[in-house]
Amino acid sequence: MRKQAAKKKTPARRKDKKDAFNTGKYGIYIILASVFILSFICFYLFFNYIFFYQENQTLFIFSCDYFNQFVTKPGGLLEYAGNFIAQGFFSKLYGAVIVSALFSLIALVYYRIAATNLEDRTFPLLMAVLTACFLILIQTNINYLMHNNLGFLLTGWYFLFTVRSDRMRTRILVIILFPLFYYLTGAYALIYLGMFICYRLLRKEFLDLLILVLIAGLSLLVFKNIISLQPWSDIIYYPLPSRDYFIRPWLLRFFLLFFILYPALVYFAGSIKIKKEFTAVFPLASGGIVILLTVFILSRVYSRENAVLFNIEKLFFAADWNGVIRQHEKYQLRNPVAQYYYNIALSEKGLLCERLFFAPQDYGTMSISIPWNSQISITKMFRGVYFYYSIGLINEAHRWAFESMVIQGFNPENIKMLIRTNLINGKYKIAAKYIHVLKKTLHYRSLAEKYEKMLSDPKLINADRELGEKIKLKPNDDFVIRIRNPKMNIISLSESNPLNRKAFEYKMAWRMLEKDVESVVGDIGTLAGLNYSVVPRHIDEALLIYRVIHGQFSDLNLIPVSVETEKRFERYRTTVVPLVGKKSPAEMSIPRELKNTYWYFLDYK
């Protein structure tokens, strides 16, 4: 009877082992597919603005000069490879596929590392999921770049090569190749060194540890003092993710520490005992919980306002002025950059004094022109170039674009601006130099060819809708630009070129935002000389409120207020005026039509 009972139990034990093995064997494919799908949905549907931002931060140029910028420093080739991949990020589909495939590949490599060090497959799946999910979460930071993912992938590969074999030849190769690995990956080699130290300490193998630490130290000294001549900060940290771009730097430190201590985490995970009846389901169940937790964190991290802001910027860079106006009026962003882009889009469409108050103007004149201020971030400050370009101060726009190039290096926007401003100013040789650079890119080659044709036929510049208009907006004589006083620049340009309607509308908009109704009304006679067929809506509203307060002056009798404005004011007076001072705007249900008036701005802003 005992023998029969023993025989009956044996198949059950074999089945349990087989189930556990199959779950581990095929579970990795389930996990990799889950990681890819999660990442693709995340970065294609929600965080796709990351690709637009990163593609516009640098310009990958197919040239020896560009390559030489990276080849001389440890980790430079890694950044070069990342920039090469990122040049295709103008397509969100391409970006989502690339990062998702990369995360899945990294998960596979770190799964192999864990599986090599653990006899069963219970925990390697969990470690692979944790690695991939950490990467997905940190990728939501717009400044976490493609070469950072490549760095962790190469680090994992090199460490996997280290632990897959204990043969002497492998150990010697690991040590000999370390200087080359450091040259290729920079500070990621030091992350590998941390992983190696953890691994050897746990195995109590001190000789290899001491030799590699010695080789690593010598490598750093040689690169610091002989080869690259970089500061210690770059020798030790470049090209890891920049700490300056993380609101909570401790999260970045925790993230890096996870990879350094990965061998120790795998080792201690292996010491955890799972009950026999749970071994078959634990790998996928625990991985599923991590993925669900990641989805929850992503939902908390996602900001629709950021997504809309970057979409507005994308439309702005594409000169889709109607799209910028439509998006901003729909979402009513309180962001100063969004309001700045909105005002420029209105100016480009000739609607600045027609729709200025159809969206929030929370920053007064700061939403018209971004001042040159050392306290403002470089990226935000250099957006100020678009105001000068839009209004016709081409020389100043060129100066801002050139400063951007000097400080930030080439990016698509500053080089395009340098080409345009030099073409407008007739400096064709200088324009040709920048066109030559732009022509060596993947995405902007066709645009460079368009500008190149203008060099041999300058008539095309005047015929171009954008460039030809900017030529007409230029000042007729020289005057001093006051970088800290944009208002005076607008006034000076308007006086120098009285036919510049954009300068006139910016001047009027500036005064309206300052609530200087008298100056708006005092300059209203200029409308006739600028061939306005009707008085712009908000100027009409300023004229009406001035007449209500001060009465009718003889010099204004020839400019009647439109019937539509009078009717709108009657509705405003009966609906909004009785509530002024009694309720805050948030407590009032005011029709959008009445909120979109200059009167509402005067009363509540």
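Key figures
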{"read-out": "Number of positions in region 474-484 that are within 33 Å of the chain's Cα centre (by Cα) and either of a type in the set (Lys, Arg) or farther than 15 Å from residue 398 by Cα (or both)", "value": "3"}
{"read-out": "Candidate set from region 423-471 (those that are closer than 23 Å to residue 84 by Cβ and of a type in the set (S, T, N, Q)); member that is nearest to the chain's Cα centre (by Cα)", "value": "441"}
{"read-out": "Region 500-521 - residue that is basic (Lys, Arg) and assigned to a helix (DSSP H, G or I) and, of those, farthest from residue 389 (Cα to Cα)", "value": "511"}
{"read-out": "Some residue of region 59-77 being at positive phi and at pLDDT 95 or above", "value": "yes"}
{"read-out": "Selection status of residue 187, modelled with pLDDT of 90 or more and either among the aliphatic types (A, V, I, L, M) or within 25 Å of residue 124 (Cβ to Cβ) (or both)", "value": "yes"}
{"read-out": "When residues of region 418-451 are limited to those that are of a type in the set (Lys, Arg) and part of a helix (DSSP H, G or I), the one surrounded by the most Cβ atoms within 10 Å (Cβ to Cβ)", "value": "420"}
{"read-out": "Set 284, 229, 257: member being at pLDDT 95 or above and aliphatic (A, V, I, L, M)", "value": "257"}
{"read-out": "Test: residue 466 is among the acidic types (Asp, Glu), in contact (Cβ under 8 Å) with a residue 12 or more places away in the chain and closer than 30 Å to residue 89 by Cβ", "value": "yes"}
{"read-out": "Single match in 93, 177 (criterion: surrounded by fewer than 17 Cβ atoms within 10 Å (Cβ to Cβ), closer than 26 Å to residue 298 by Cβ and either outside the structural domain of residue 214 (by the TED database) or modelled with pLDDT of 95 or more (or both))", "value": "93"}
{"read-out": "Single residue of region 362-417 satisfying the filter (of a type in the set (Ser, Thr, Tyr) and outside any helix (DSSP H, G or I)) that is modelled with the lowest pLDDT", "value": "374"}
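Okay, residues lined up against (1) hydrophobic (A, V, I, L, M, F, W, C); (2) within 35 Å of the chain's Cα centre (by Cα); (3) in a helix (DSSP H, G or I):
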{"position": "256", "(1), (2), (3)": "yes, yes, yes"}
{"position": "259", "(1), (2), (3)": "yes, yes, yes"}
{"position": "263", "(1), (2), (3)": "no, yes, yes"}
{"position": "266", "(1), (2), (3)": "yes, yes, yes"}
{"position": "269", "(1), (2), (3)": "yes, no, yes"}
{"position": "273", "(1), (2), (3)": "no, no, no"}
{"position": "286", "(1), (2), (3)": "no, yes, yes"}
{"position": "290", "(1), (2), (3)": "yes, yes, yes"}
{"position": "293", "(1), (2), (3)": "yes, yes, yes"}
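The values are calculated or read from the model by the stated rules, or taken from the named source; none is laboratory data. The shown structure was predicted, so the numbers you read here are calculated from the model rather than taken from an experiment. Please note: Cβ atoms are built from the backbone with ideal geometry, for glycine as well, and neighbour counts cover all protein chains shown.
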